[in-house]
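The values are calculated or read from the model by the stated rules, or taken from the named source; none is laboratory data. All of these numbers come straight from a predicted model, not from anything done at the bench. All Cβ positions, glycine included, derive from the backbone under ideal geometry; neighbour counts span all protein chains shown.
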Amino acid sequence: MSRIGKRPVELPSGVTASVSGQTVEVKGPKGARNFTATDDVTITLDDNVITVRPRGESKRARQQWGMARTMVANLVQGVTEGFKKELEINGVGYRAQMQGNTLKLNLGLSHEVNFEVPEGVTVTAPKPTEVVVEGADQQLVGQVAANIREWRVPEPYKGKGIKYKDEYIFRKEGKKK
């Protein structure tokens, strides 16, 4: 039995949901999101509570049970609180700033990196060494943060580069004489 799948998803006040077949649509203060589940699960909505049940005892149905419940819970969290990834920039002369819908990054390259922010995500640079990515779609927020980090992955000797705020960079010792 799926421990995650057994728990129902409760809708907070200000959030409405509708279930039609395998599609769940959730609307809240931060927008509207939807998810289409596979045919291995049954999704029901009763009195502001969404429950997910498997349609059989097959291994795939049990796998999809927990995954579908987590996806529905992420929809609800996305339209109420949203998701957030914080990045730190370490290195001499490395900095970031927002200009309109473009994130300008100076990362020690011969040119300045211009990163176009996609629709559905907001990127801010509260300090020159910090970048905050926020949005209602967890996958999109994580992907945008990963794309920004990809421009200069932290190196293990001095730790220079773009890292997640809570990320630990394993440091290596340099050459010895």
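Descriptive notes on the structure:
- Residue in region 88-111 that is nearest to Ile148 (Cα to Cα), counting only those that are of a type in the set (A, V, I, L, M) and not in a strand (DSSP E or B): Leu107
- In region 93-135, the residues that are charged (D, E, K, R) and in contact with a Pro (Cβ under 9 Å, 6 or more places away or on another chain): Arg95
- Those residues of region 1-25 which are part of a helix (DSSP H, G or I) and surrounded by fewer than 17 Cβ atoms within 10 Å (Cβ to Cβ), in sequence order: Arg3, Ile4, Lys6
- Residue in region 113-127 that is touching a Phe, Trp or Tyr at 6+ places or on another chain (Cβ under 6 Å), surrounded by 14 or more Cβ atoms within 10 Å (Cβ to Cβ) and either without any contact (Cβ under 8 Å) to a residue 24 or more places away in the chain or in a strand (DSSP E or B) (or both) present: yes
- Among the residues of region 117-173, just one is touching a helix residue (DSSP H, G or I) at 6+ places or on another chain (Cβ under 8 Å) and polar (S, T, N, Q), namely Gln138.
- Asn74 at pLDDT 90 or above, closer than 30 Å to Thr129 by Cα and either hydrophobic (A, V, I, L, M, F, W, C) or in contact with a helix residue (DSSP H, G or I) (Cβ under 7 Å, 6 or more places away or on another chain) (or both): yes
- The listed residue being in contact with a Leu (Cβ under 8 Å, 6 or more places away or on another chain) and either over 21 Å from Ala136 (Cβ atoms) or among the hydrophobic types (A, V, I, L, M, F, W, C) (or both), out of Ile50, Ile43: Ile50
- Residue selection: Arg171 fails the criterion of being surrounded by 13 or more Cβ atoms within 10 Å (Cβ to Cβ) and not hydroxyl-bearing (Ser, Thr, Tyr).
- Some residue of region 69-80 being among the basic types (Lys, Arg), in a strand (DSSP E or B), in contact (Cβ under 8 Å) with a residue 40 or more places away in the chain and surrounded by 13 or more Cβ atoms within 10 Å (Cβ to Cβ): no
- Number of positions in region 26-68 that are in contact with an Asp or Glu (Cβ under 9 Å, 6 or more places away or on another chain), under 25 Å from Gly120 (Cα atoms) and part of a helix (DSSP H, G or I): 1
- Unmet criterion (only one of (1) buried (at least 18 other Cβ atoms within 10 Å of the Cβ); (2) closer than 30 Å to Ile4 by Cβ) for Gly142: (1)
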